[in-house]
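J.: Have a look at this one.
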Amino acid sequence: RVSVRLLDGSLGAQLWSERFESEVGDVFDLEDRVGRRIVEALRVGLTTALHRGDAPVAAIQPYLRARRALMSARFARLDEVVVLLDRCLEQAPGFAPAIAAHVSACLRAWFILGASGARDWEPSARASVARALASAAELPETHLAAAVLAAQDGAFRDCRVALEDALEIAPTYAEALDYLGRIGIEAGRPEEGVANLRAAMALESTLERGLVDIMRHHELHGR
């Protein structure tokens, strides 16, 4: 059992922590899993730090609140998350991490809330994807959003290309591996899909929804 903490060396502040468990015989596999998780944690932190100068402190705070909400499993207040990100982008229109988070929030709101409430989420989602591709194409989150939209439109070749773009930028981006895995199972590449889903769960334990896709695949093939 290994407990890992990632600290800011100058401030001593804890940036990330996680506990890993493994059989002694799998120690090299454990080392690889820990390494990939640290790489992803550093990527997210460094991306925010890299762009921090693009936004005033007053804009960073709503972005961080919105990001924490997006990382949780509770999507009941997606409209409030989008409002937080709108507030951030009003003050810092070029803040790429908020642009990428905004498109993720709008896509989820479209799929979950639809045209309910005071806002029709489809045009908001499409406009947010277009803005992200124009202004935050260096972030893998942008390409995952483009992949999700392409899949929604039935353009699965474009979906896979966008996912490959996301993983070329960030090979340890668990959400992109998860989506690629589910698309693979649906599109006739099930073994590759299962491998990607397992890789995603090894990187991010909260993506255990992939187990449902793996289970369904094995059931449909009589295993």
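J.: Could you go through the stretch 104-117 and let me know if any residue there is modelled with pLDDT of 80 or more and farther than 22 Å from ALA137 by Cα.
T.: Within the stretch 104-117, one or more residues are modelled with pLDDT of 80 or more and farther than 22 Å from ALA137 by Cα.
J.: Conditions: (1) farther than 30 Å from ASP29 by Cβ; (2) open to solvent by 10 Å² or more (accessible area, probe 1.4 Å); (3) touching a residue at least 24 places away in the same chain (Cβ under 8 Å); (4) over 14 Å from the mean Cα position of the chain (by Cα). SER104 meets all but one. Number of the miss?
T.: (4)
J.: Select from the stretch 171-206 the residues that are of a type in the set (D, E, K, R) and within 12 Å of the chain's Cα centre (by Cα) and write down the one among them that is nearest to ARG36 (Cα to Cα).
T.: Selected residue: GLU204.
J.: Of all helices (runs of 4 or more DSSP H) completely enclosed by the stretch 138-223, which ones contain at least 1 residues that are of a type in the set (Ser, Thr, Tyr), free of Cβ contacts under 8 Å to residues at least 60 places away in the same chain and open to solvent by less than 30 Å² (accessible area, probe 1.4 Å)?
T.: 140-152
J.: Follow-up. Which of the residues belonging to the stretch 6-31 are surrounded by 10 or more Cβ atoms within 10 Å (Cβ to Cβ), in a loop (DSSP other than H, G, I, E, B) and out of contact with any helix residue (DSSP H, G or I) (no Cβ under 8 Å at 6 or more places or on another chain)?
T.: Result: ASP8, single match.
J.: Could you tell me whether ARG126 is closer than 26 Å to LEU78 by Cα and among the basic types (Lys, Arg)?
T.: Yes.
The values are calculated or read from the model by the stated rules, or taken from the named source; none is laboratory data. All values reported here derive from a predicted model rather than from experimental measurement. Glycine gets a Cβ as well: all are built from the backbone with ideal geometry, and neighbour counts include every protein chain shown. Just so you know, the surface numbers come from the protein's heavy atoms only, side chains and all, with ligands and any DNA or RNA stripped out. Shrake-Rupley method; radii C 1.70, N 1.55, O 1.52, S 1.80 Å.
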